[in-house]
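S.K.: Structure in C-alpha cells, see below.
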Amino acid sequence: MLELYTDRLKIRSLQRADWQVFLSIHQDLELNQFVRRPESIQAISDKFEARLLPWLFDSGDWLTLTIEEIDTGNIIGFTGLYASNVDLGHAEVGYMLSQAGQGQGYATESLAAVIDWASLSHQVHKFIGLCATENRASVRVLEKCGFQLEGVLRHNYRIDDRWIDDCCFGLLTHERAL
C-alpha cells in the first residue's frame, strides 16, 4: 500500500472502504460541472473496481489515491496520475476534492506530494495537467504547483450541449518546487 504524508494529509492507496466517498464525489453535479456528466452507478462502480487493482506505472491505468486529513481521518477527495506516454516519461495528473475539502489548499498539497513521489519513484520527465478554462480553482492548483500554461485545447470535449475548452499545463520534473 502506497502512503504519502504532508503536514496535514495522508495520501494513500484506494481501499474498498472508500466506495461511498468515491461514489458521492463522482455523482456530485457541481464537482463534475467541468469534468463530465455524472455517470451511472454501475459505470462508477466499474471504475472504482478497476482502480482497486494493483497498479503499474506503465499500465496506462490511473493510479487513484485517497486524500485524508491526518487530524480527523476524514476522506476529502482523490488524486493521482497515469503514464500518458511511458517512452517520453509523461504523466497526466488529476484530483477531485469534495466540497468540504475545497478552499483549504489540500488539492495543491496533495498534488505536490504525488509529483514528488512520482518524480523519484518513476523518473517522470514531464507532468501534464488538463482542466477546463472555466475551472479557475483547478487552474490555480496547477499554477501553485509550478505548472505552466502550454496552450488551450479548444472544444476539447463536450458535456451535454456545451463544448469545453481545456487548458493544457506542463511541469518538467526539474522545475518542481522542492
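S.K.: Looking at (1) exposed (fewer than 12 other Cβ atoms within 10 Å of the Cβ); (2) closer than 16 Å to residue 25 by Cβ, can you tell me which one residue 53 breaks?
M.R.: Unmet condition: (2).
Yes/no per residue for (1) within 17 Å of residue 80 (Cα to Cα); (2) not acidic (Asp, Glu):
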| position | (1), (2) |
| --- | --- |
| 123 | yes, yes |
| 130 | yes, yes |
| 154 | no, yes |
| 163 | no, yes |
| 166 | no, no |
| 171 | yes, yes |
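S.K.: Among the residues of the range 105-125, is any in a strand (DSSP E or B) and under 20 Å from residue 14 (Cβ atoms)?
M.R.: So far as the range 105-125 goes, no, none of its residues is in a strand (DSSP E or B) and under 20 Å from residue 14 (Cβ atoms).
S.K.: Which of the residues belonging to the range 22-42 are out of contact with any strand residue (DSSP E or B) (no Cβ under 8 Å at 6 or more places or on another chain) and farther than 23 Å from residue 12 by Cα?
M.R.: Of everything in the range 22-42, those that are out of contact with any strand residue (DSSP E or B) (no Cβ under 8 Å at 6 or more places or on another chain) and farther than 23 Å from residue 12 by Cα turn out to be 29, 30, 38, 39, 40, 41, 42.
S.K.: Further question on the same structure: If a residue has to be under 16 Å from residue 9 (Cβ atoms) and of a type outside the set (A, V, I, L, M, F, W, C) to count, how many in the range 50-95 make the cut?
M.R.: 12
S.K.: Would you check if there is a residue in the range 129-143 being small (Gly, Ala, Ser), in contact (Cβ under 8 Å) with a residue 60 or more places away in the chain, open to solvent by less than 40 Å² (accessible area, probe 1.4 Å) and part of a strand (DSSP E or B)?
M.R.: yes
S.K.: Separate question: For residue 90, which of the numbered conditions (1) crowded, with 16+ Cβ neighbours inside 10 Å; (2) closer than 22 Å to residue 3 by Cβ fails to hold?
M.R.: (2)
S.K.: Moving on. Go through (1) open to solvent by less than 40 Å² (accessible area, probe 1.4 Å); (2) touching a Ser or Thr at 6+ places or on another chain (Cβ under 9 Å) for residue 82 and report which single condition fails.
M.R.: (1)
S.K.: Checking the conditions here, which among 16, 12, 36 is farther than 29 Å from residue 162 by Cα, out of contact with any Asp or Glu (no Cβ under 6 Å at 6 or more places or on another chain) and of a type in the set (Lys, Arg)?
M.R.: Step by step, each of 16, 12, 36 is checked, and only 16 is farther than 29 Å from residue 162 by Cα, out of contact with any Asp or Glu (no Cβ under 6 Å at 6 or more places or on another chain) and of a type in the set (Lys, Arg).
The values are calculated or read from the model by the stated rules, or taken from the named source; none is laboratory data. All of these numbers come straight from a predicted model, not from anything done at the bench. Quick reminder, even Gly has a Cβ in these numbers, built from the backbone with ideal geometry, and neighbours come from all protein chains shown. All accessible areas refer to the heavy atoms of the entire protein, side chains included, with ligands and DNA or RNA removed. Shrake-Rupley method; radii C 1.70, N 1.55, O 1.52, S 1.80 Å.
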